[in-house]
């Protein structure tokens, strides 16, 4: 069942998720939900199954984030992701992980704990929650909301947990569609679109590539259809968005 036909999306909190088509759309939905629940920041993190150096760097594992750049930079500079009890729990835990900055990372040594408290307090964070989610391909994510509000109620917590699950599922579908598009366009189709993006006409592309103008038009038409677009201009925009051009 796709998002549009799933009755769960008829509720006001979840309905906007069904309309997400791009990462930008997801950011807008996350921002609105974040503010409506009284939080200050949101983020979506990848949670690698294996511990590695990059898996402990916030700037590497953040898929989407409204954290200020200074917060992310200081988090990584202080190496707070290294041996983080929170990240370790998120690799195994399936239930929401709530935290209060006053008691944050009590398993760390005194200096690290003090650094974490000072950092989050400086950016107006007193509490937060992580929702661990696994997508259909087995990749683990965590949707996080942080701010300075009272603890989530017994109604709010499951509602946001469902929101996180549906959001990650939609983002996963977008990623899968983008990966598919990268696979289905062959080298010639991509080349023709790239020259089109640079303002070349079919005749000019034919001279550059050594193909006939008819063949150039054929490749452009097939690429446009594969990308689900109605004209070359739309196809070029879609190809750029998907990162198909080097």
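Just a few scattered comments:
- Nearest 10 degrees, 0 to 90: helix 156-184 Cα axis against the chain principal axis: 30 degrees
- Taking the range 4-88 and dividing mean pair separation by its residue count, relative contact order in percent (alpha carbons under 8 Å, at least six apart): 20 percent
- Compared with the alpha-carbon gap, the fully stretched path from residue 214 to residue 82 is longer by 41.8 nm at 0.36 nm per residue.
- Folded to 0 to 90 degrees: helix 110-122 orientation relative to the chain principal axis, Cα: 60 degrees
- Amide N of the range 31-75 lying under 13 Å from the label point, which is placed 7 angstrom from the Cα of residue 153 along Cα→Cβ: 37-38
- The angle between the Cα long axis of helix 23-36 and the main principal axis of the chain comes to about 30°, on a 0 to 90 degree scale.
Since every read-out is calculated from the coordinates, none of them should be taken as a lab result. Bear in mind the structure is a predicted one, so any value in this text is a computation, not a measurement. Backbone-built Cβ (ideal geometry, glycine too); neighbour counts: all protein chains shown.
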